[in-house]
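Here's the structure, in C-alpha cells; my notes come after.
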C-alpha cells in the first residue's frame, strides 16, 4: 500500500475515506483546517494499527499546502495518492447575489485542489506513478436551484480533472473526478 493525502479529512466524506483506506493498509496524511478533529482521526487510525499524520492546512493558501506536503514527505517519503476532497459552498440567492460568494467557492473548490495538485504532481511525474482524485459533485452536471456558485465551482473542478486525466495519459499517473 502507499501514502494517501486526503484534504478535507476532518469530517464527512474525507474522514470516512481516511478510515476506510487506513483499514486497507494505506498510510493516511489527513489534512484540513480543524486540527483537533484531525488529531482524533489520526489517533483512531493508529489505535486500529494504521499509520496516520494529521496536518492543519487551508488548501486555499499555497504555502500551507506546500508545508503540509513537505511534512508528509519527511514523515513517509512519498505521496502516492492525492484525494482533493476539501470543498464546500453556500447558497447562491438571486435576491442577494454576490460575485464574492461565487469567488470564494471557486477558490476553495477549484484553486484549493489546484494548489494540492501543484504540490504533489512534480514528484509523481518524476517517479512515473501516482493517483489524483478530485471530489466533485452531481451539481457539476447541472445548475441547481440556489446553488449556482457551487454548481459552477464543481463543474470547473470536473473539467480540470478531465483535462488533467487526458494530459497525464501514458505518464503513469491516473486520475478521476468523482461526483
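Brief remarks on what is shown
- The mean sequence distance of close C-alpha pairs (under 8 Å, at least 6 residues apart), as a share of the length of region 67-173, puts its relative contact order at 34 percent.
- Fewest-first sequence of 124, 160 by Cβ atoms within 10 Å of each Cβ: 160, 124
- Springs between Cα atoms under 10 Å define the GNM used for the chain, and in it the highest mean-square fluctuation of 70, 166, 148 occurs at 166.
- Between region 75-135 and region 1-67, the alpha-carbon centres lie 15 Å apart.
- Stretched out straight at 0.36 nm per residue, the stretch from residue 35 to residue 93 would grow longer than its current Cα-Cα span by 17.7 nm.
- Fewest-first sequence of 78, 16 by Cβ atoms within 10 Å of each Cβ: 16, 78
- Pair residue 165, residue 123: separation of 7 Å Cα→Cβ label points (nm): 2.5 nm
- Model label zone, residue 24; criterion: amide N under 20 Å from point 7 Å along Cα-to-beta-carbon; scope region 130-160: 130-137
- Rounded, prolate or oblate (a/c below 1.5 giving rounded, otherwise prolate when a/b exceeds b/c) for region 1-153 by Cα gyration tensor: prolate
- Selected from 126, 147, 103 as most flexible by GNM, with the chain as the system and alpha-carbon contacts under 10 Å: 126
- Ranking of 154, 46 by count of other Cβ atoms within 10 Å, fewest first: 46, 154
Each reported figure results from applying straightforward, stated rules to the coordinates on display, with no laboratory input. Values in this document were obtained by computation on a predicted structure and should not be read as measured data. Neighbour counts are summed over all protein chains in view; Cβ atoms, including those assigned to glycine, are modelled from backbone coordinates with ideal geometry.
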